[in-house]
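K.L.:
Supplied in structure tokens, the structure appears directly below.
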């Protein structure tokens, strides 16, 4: 498992090398997918290689020039399919993409649900610790409530991670509502 996971980290680091997060510090983008895999492994007890690699690669198609075919060649069909399940279609308007995430969450594979849950945990943590400077409280509150709707569709996938998400939701509602 270690060699494929390290290959995924190297691949994602190269693909995201010039990207920064929207947080106040504009932290390196690669920190985000690494945080997802860390959350899955060390807080959720997940050792599934496909889920961990997909967590590392989850934004490569959506946010870089990576293709599904590239992921298939490098990581296999299963991991590529999980990444595709959690990838937004950037040709659609943002409001439609957000609605589709809510609608598709319940029908995703087990591994995709894990990645989606870890992604929302990571994003809520980032918004609580270092929100983008240009996001007013209302936008932060809207993101938390939308994330809660997405996670409603993946409930049952990992009780420990769901508890973490729920604690973050409580903290976010206290802070932003």
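Where a number appears in this text, it was derived from the coordinates with a stated rule and is not lab data. This structure is a prediction, so every number in the text was calculated from the model and none was measured. Here Cβ is always computed from backbone atoms with ideal geometry, including for glycine, and neighbour counts include all displayed protein chains.
K.L.:
Once you have the Cα-Cα distance between residue 5 and residue 160, take 0.36 nm times their residue separation minus that, and quote the gain in nm to one decimal.
P.N.:
53.5 nm
K.L.:
With a Förster radius of 35 Å, plug the Cβ-Cβ distance of residue 107 and residue 133 into 1/(1 + (r/R0)^6) and report the FRET value to the nearest 0.05.
P.N.:
Plugging the Cβ-Cβ distance into 1/(1 + (r/R0)^6) gives 0.45.
K.L.:
Among 114-121, 8-15, how do they line up from the highest to the lowest mean number of other beta-carbon atoms within 10 Å?
P.N.:
In descending order of packing, they fall as 114-121, 8-15.
K.L.:
Let me ask you something else. Tell me the angle of helix 94-105 to the major Cα principal axis of the chain, expressed in degrees between 0 and 90 and rounded to the nearest ten.
P.N.:
70
K.L.:
Additional query: Over what distance in Å are the Cα centres of the range 112-177 and the range 4-31 separated?
P.N.:
Comparing the Cα centres of the range 112-177 and the range 4-31, I get a distance of 21 Å.
K.L.:
Compare the peptides 48-56, 87-95, 148-156, 163-171 by average per-residue count of other Cβ atoms within 10 angstrom and give them in order, highest first.
P.N.:
48-56, 148-156, 163-171, 87-95
K.L.:
Between residue 84 and residue 27, what is the spin-label point distance in nm, taking each point 7 Å from the Cα along the Cα→C-beta axis?
P.N.:
3.2
K.L.:
Select from 59, 23, 134 the residue whose mean-square fluctuation is largest in a Gaussian network model of the chain (Cα-Cα springs shorter than 10 Å).
P.N.:
Ranking 59, 23, 134 by mean-square fluctuation puts 134 first.
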